[in-house]
Amino acid sequence: MTSNAKLRAGSGSERPDKPPGIFSPRYLWVTIGACALVFLGAFESLAVTTIMPLVSADLDGAALYALAFAGPLATGVIGMVVAGNWSDRNGPVAPLVSSVAIFIAGLLIAGLATDMTIFLLGRLVQGLGSGAMNVALYVVVARIYPSALHARIFAGFAAAWVVPSLVGPFAAGVVAELTSWHWVFLGVVALVLIAMLMVVPALRMLRGQPTTDAALRPAWALGMIAWSVLAAVAVLSLNLSAQLDGPMVGVVAVTAVIVALAAVRPLLPRGSLRAARGLPSVILLRGLVAAAFFGAEVYIPYLLNDRYDFSAALSGLALTGAALTWASASWLQGKLDDALSHVRAMRIGTALVLVAILTAVATAAAELSPLVVIVGWLFGGAGMGLMYPRLSVMTLSYSSDRDQGFNSSALSIGDSLGGALALASTGIVFAALTWLGGAWPFAGCFVLAAVVGCVAIGVAPRVGDGVRAEA
């Protein structure tokens, strides 16, 4: 019996059909430490989205606005592949510690930046660390918790967004207005250090768990790491293509997309790009919903700030509501468990995300009240909350001990690369439509996100009927 099967079967007097909860003494510190890391990632993500209009104006980086978001997602792919391979070889402890250290370095570089080039460098380093950290945390879940608790711990991860969702965007806006946006990044460093203090007991527990037998331990996947670097370079090139003139924009953009898709293919389960049923469609759907939702979300504070004169703090509140509905829907789907099938959750979730994006399209195109997109985005958050924990649970259910790292990495790669390609594409659309003036550049970005959302609706029913991994 594998180590993961032993965990699923339980031990001692515990009944296998009724495992202890995620806050029981056995899992308490693992849960606290993992959720703390998710918490700081949530705060950083929401804070940066809120203050980026101010950073862009201060560093004269409007032309590179999208790259500040797409760049970290691109380098995150490299971190995911390395962390996934490393975790399959030696367990997630060393990858987790290393990724947090890299993340801190990126925060310091971005927080101390005085020009856009240095700021973007910091963001790229941040992405490398956060991508690796996410994969390491997924493997922590797979190695420590029985499968019956997977839905609950992933719902706990979503719930870890609640506090930063309540105070993160607004607090980041207030800090940026009263002091400087630099302190938003530098302040997160303290949160990371606190989270690491909390996760130490979890790391000790992991060191006590058996790892993959040496004979079955995967080799270093240097070829896959090289593919991940090529994919990241392609995404960055796609972002920078908007700076070119004439027909070269289209040539470089199309080439970059082709190279990115070709490079990512070996990093995903076979059949992912053609939506094969089961795990391949789970991975593809994660990328599509990330592309649709985040491709639109990063422009909502920008729209509110530019067209409706919202302050950074007020525009951040638009994201707060969506984050709260995300966490609430995630908690609800965890309670529903088997009462709501995975396929039905995906269908409902993709529909809600599309509705939210369409409210953004209408707001920008028809110059409607900003309340339309603020309220509409609540539905998008709910849709993501329904889908994200389920996609994570399905990924682990399709995985064995030997490929948990690879599949967890693939899920995060789909997430990050989907978002990165969408952000790079919306950056090109935004630049191309700037000459029209008004809110048309924003409307164009939202329309592109809506198209991706429609594709996601088509893929949603294909996540079921795959082959589960044996215990």
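May I ask for the net charge around Ala276, where only other residues with Cβ less than 9 Å from the Cβ of Ala276 are counted and Lys, Arg are +1 while Asp, Glu are -1? Walk me through the intermediate numbers first.
Numbers: positive: Arg270, Arg274, Arg277, Arg462; negative: none.
Neighbourhood net charge equals +4.
Percent of accessible area on the chain owned by carbon and sulfur, 1.4 Å probe?
Values: 12260 of 18190 Å².
Ligands and nucleic acids excluded, carbon and sulfur reach 67 percent.
Per DSSP H run of n ≥ 4, the term is -39500 (n - 2.57); total these for the chain, divide by its residue number, and report the mean residue ellipticity at 222 nm rounded to 500 deg cm²/dmol.
Working: 17 runs with 355 residues, N = 471.
Computed ellipticity for the chain at 222 nm equals -26000 deg cm²/dmol.
With each label point set 7 Å from Cα along the Cα-Cβ vector, what nm distance links Val254 and Ala101?
About 4.6 nm separates the two model spin labels.
Report the per residue volume, in Å³, of the convex hull enclosing the C-alpha atoms of the stretch 331-471.
On the way: hull volume 14.8 nm³, N = 141.
Hull volume over Cα atoms, normalised by residue count, gives 105 Å³.
Accessible area per residue of the chain at 1.4 Å probe, in Å²? Spell out each step's value before the answer.
On the way: 18190 Å² over 471 residues.
So the chain comes to 39 Å² accessible per residue, rounded to a whole number.
Could you pull the Rg and Dmax for the stretch 319-386, using just the Cα atoms, both in Å?
Rg and Dmax of the stretch 319-386, Cα atoms, are 12.9, 42 Å.
Would you mind working out the magnitude of the charge dipole of the stretch 22-137 relative to its Cα centre, with +1 at each Lys and Arg C-beta and -1 at each Asp and Glu C-beta, to the nearest 20 Debye?
Working: 3 positive and 5 negative charges, 87 e Å.
Magnitude of the dipole: close to 420 debye.
Taking the stretch 358-434 as the region of interest, what is the percent of Cα-Cα pairs per 5 angstrom bin, listed from the shortest bin to the one with the maximum distance?
Taking every Cα pair in the stretch 358-434, the percentages come to 3, 12, 13, 16, 18, 13, 10, 7, 5, 2, 0.
Can you give the charge dipole size of the chain about its Cα centre, rounded to the nearest 20 debye, using +1 on the beta carbon of Lys and Arg and -1 on the beta carbon of Asp and Glu?
Values: 25 positive and 21 negative charges, 340 e Å.
With Lys and Arg at +1 and Asp and Glu at -1, about 1640 debye.
What number comes out for the charge environment of Tyr299, summing +1 per Lys or Arg and -1 per Asp or Glu over other residues with Cβ under 15 Å away? Please list the in-between numbers first.
Values: positive: Arg307; negative: Glu297, Asp306.
Once positives and negatives cancel, what remains is -1.
Where q = 0.14 Å⁻¹, what log10 of I(q)/I(0) comes from the Debye formula for the stretch 114-203, counting one point per Cα?
-0.70
Looking at the chain, identify the longest residue range that excludes and avoids all chymotrypsin sites (Phe, Trp or Tyr not before Pro) in DSSP loops having at most 16 other Cβ atoms within 10 Å. Walk me through the intermediate numbers first.
Values: sites that count: Phe23, Trp220, Tyr308.
Within the chain, the longest run free of exposed chymotrypsin sites (Phe, Trp or Tyr not before Pro) spans 24-219.
Give me the net charge for the shell around Pro95: Cβ to Cβ below 13 angstrom, other residues only, Lys and Arg +1, Asp and Glu -1. Don't skip to the answer; put the middle values down first.
Values: positive: Arg89, Arg143; negative: Asp88.
Charge balance in the 13 Å sphere: +1.
Using Cα-Cα distances under 8 Å and only pairs 6 or more residues apart, what relative contact order does the chain have, in percent?
Details: 893 pairs, mean separation 113.0, N = 471.
Over the chain, the number comes to 24 percent.
The values are calculated or read from the model by the stated rules, or taken from the named source; none is laboratory data. Bear in mind that the values here come from a model prediction, so they are computed numbers and not experimental data. In this analysis, Cβ positions are derived from the backbone assuming ideal geometry, glycine residues included, and neighbour counts consider all displayed protein chains. With ligands, DNA and RNA removed, areas are computed over all heavy atoms of the protein, side chains included. Shrake-Rupley method; radii C 1.70, N 1.55, O 1.52, S 1.80 Å.
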